[in-house]
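Everything below concerns the one structure shown next.
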Ligand code: HEC
């Protein structure tokens, strides 16, 4: 019996598509895509949230200038733009190693959520 379970375990682990819907799969990846979740910066709906603020000093006036850092609105992007972006190296956004299928699931999740 135990041996049988050992054989079945990988099936449970790798056939997530059969047990959860594409929407749930997309949600899972968006919330926790192996590392920091997209939602931390792009918000629960992909419309973007404030990440933080940094300050610089204006050379002439010596006054502090605040710069707000936001995750951008990703709801208007096409699937190809989203894939290209996730595969790219950014200043703030981390680089992920997600497959195109995974980014597709994230994309459709955001799309459905905003309907
Ligand atoms: C630490 C914050 C952060 C996380 C986490 C993050 N992003 Fe981003 N993302 C950004 C910022 C900021 C930009 C704007 C470009 C830049 O400065 O990197 C961006 C740009 C993008 C863009 C391009 C939008 C544009 O305006 O051109 C897409 C698409 C995108 N992110 C999708 C994702 C997805 C999908 C995930 C999760 C796998 C994710 N991001 C995780 C911060 C983040």
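Computed from the coordinates by the stated procedures, all read-outs in this text should not be read as laboratory data. All values derive from a computational prediction rather than experimental measurement. Every residue, glycine as well, gets a Cβ built from its backbone with ideal geometry; the counts of neighbours run over all protein chains shown.
Of note:
- Residue order, fewest to most surrounding Cβ atoms within 10 angstrom, among 74, 106, 92: 92, 74, 106
- Order of 25, 55, 107 under a 10 Å beta carbon neighbour criterion, fewest first: 55, 25, 107
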